[in-house]
Amino acid sequence: MNSKYLVAAALVMLPVAGSAQDIGAGFTGPYVGGQVGYGSRSINEDFGIAGVPVFDRDRSSLDYGAYFGFDAPVGTSLVVGGEAEVGGGGRKLSQTLVPGVIASIDPDWNYMFSGRAGFIAGDRALVYGRVGYGAERINVAVSDSVTPANSFSDNEWADGAVYGGGLEYALSPSTSARVEYRYKDFDGSYNPQQVLAGFSFRF
């Protein structure tokens, strides 16, 4: 091919290459966002008392939240960052243990601090994994209609490690959409899971 055609082709491709580079470089710096999606919470608590069944319940819910984070490039295709978020969601888990005695766990709100790392696939997609620490405020209660003095209610924290992964897609150099799964491996027998879709704005 004549060299002048090569030069012409290169000049035509420059705006496209520049745009792609802008998008890829968009996974850097601070960002804020909101998310909403599916949540599932389960409890499997064996009280170890003869005649008392295992407290075994799970329910799904609409989960939601907001987040703030910061990403930094490592080389040409890797991205690492950190994120903090607060959220809500969850539905009460309750079960009759013996006649007249009902145990329940009612989720309130949650937070998470995590790091994530991923690689840029193509010009617009970031495939990443996440690990961090999370906690959820819950109300733990036992209602005893037979002996009301045995009834109690207390607000507690369930916490532990969080693992997850997702895909984020750059819509422009400053906006992106993502979908992510995370599992919260809390201490004890209470464990939430989530699948969330989010929208981020970088500044």
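The values are calculated or read from the model by the stated rules, or taken from the named source; none is laboratory data. Everything numeric here is computed off the predicted structure, so don't read it as measured data. Reconstructed Cβ throughout: ideal geometry from the backbone, glycine too, with neighbour counts over all protein chains shown.
Numbers at a glance
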{"quantity": "Of the criteria (1) touching a helix residue (DSSP H, G or I) at 6+ places or on another chain (Cβ under 9 Å); (2) under 22 Å from Leu62 (Cα atoms), which one Gly134 fails", "calculated": "(1)"}
{"quantity": "Segment 129-156 - residue that is over 30 Å from Phe27 (Cα atoms) and among the acidic types (Asp, Glu) and, of those, surrounded by the fewest Cβ atoms within 10 Å (Cβ to Cβ)", "calculated": "Asp154"}
{"quantity": "Members of segment 79-110 found to be loosely packed, with under 14 Cβ neighbours inside 10 Å, of a type in the set (A, V, I, L, M) and at pLDDT 95 or above, listed by number", "calculated": "Val86"}
{"quantity": "Flag for Gly115 being closer than 22 Å to Glu180 by Cα and outside any strand (DSSP E or B)", "calculated": "no"}
{"quantity": "Test: residue in segment 135-145 that is among the charged types (D, E, K, R) and in contact with a Pro (Cβ under 9 Å, 6 or more places away or on another chain)", "calculated": "yes"}
{"quantity": "Residues (part of a loop (DSSP other than H, G, I, E, B) and in contact with a helix residue (DSSP H, G or I) (Cβ under 8 Å, 6 or more places away or on another chain)) located in segment 145-203", "calculated": "Pro173"}
{"quantity": "Any hit, segment 114-128, residues being crowded, with 17+ Cβ neighbours inside 10 Å, over 16 Å from the mean Cα position of the chain (by Cα) and of a type in the set (Gly, Ala, Ser)", "calculated": "yes"}
{"quantity": "Among (1) modelled with pLDDT under 95; (2) in a strand (DSSP E or B), the one test that Leu126 misses", "calculated": "(1)"}
{"quantity": "Segment 49-65: number of residues that are exposed (fewer than 12 other Cβ atoms within 10 Å of the Cβ) and closer than 19 Å to Ser104 by Cβ", "calculated": "1"}
{"quantity": "Some residue of segment 109-120 being in contact (Cβ under 8 Å) with a residue 12 or more places away in the chain and under 30 Å from Pro148 (Cβ atoms)", "calculated": "yes"}
{"quantity": "Condition check for Ala135: within 29 Å of Asp71 (Cα to Cα), among the hydrophobic types (A, V, I, L, M, F, W, C), touching an Asp or Glu at 6+ places or on another chain (Cβ under 9 Å) and in contact (Cβ under 8 Å) with a residue 12 or more places away in the chain", "calculated": "yes"}
{"quantity": "In segment 90-103, residue nearest to the chain's Cα centre (by Cα) [restricted to those that are within 12 Å of Asp144 (Cβ to Cβ) and of a type in the set (Gly, Ala, Ser)]", "calculated": "Ala103"}
{"quantity": "Condition met for Ala72 (buried (at least 17 other Cβ atoms within 10 Å of the Cβ), assigned to a strand (DSSP E or B) and aliphatic (A, V, I, L, M))", "calculated": "no"}
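Table: residues versus (1) at pLDDT 95 or above; (2) more than 30 Å from Gln95 (Cα to Cα); (3) assigned to a loop (DSSP other than H, G, I, E, B); (4) out of contact with any Ser or Thr (no Cβ under 8 Å at 6 or more places or on another chain).
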residue	(1), (2), (3), (4)
Ala10	no, yes, no, yes
Gly18	no, yes, no, yes
Val52	no, no, yes, yes
Ser60	yes, no, no, no
Gly65	yes, no, no, yes
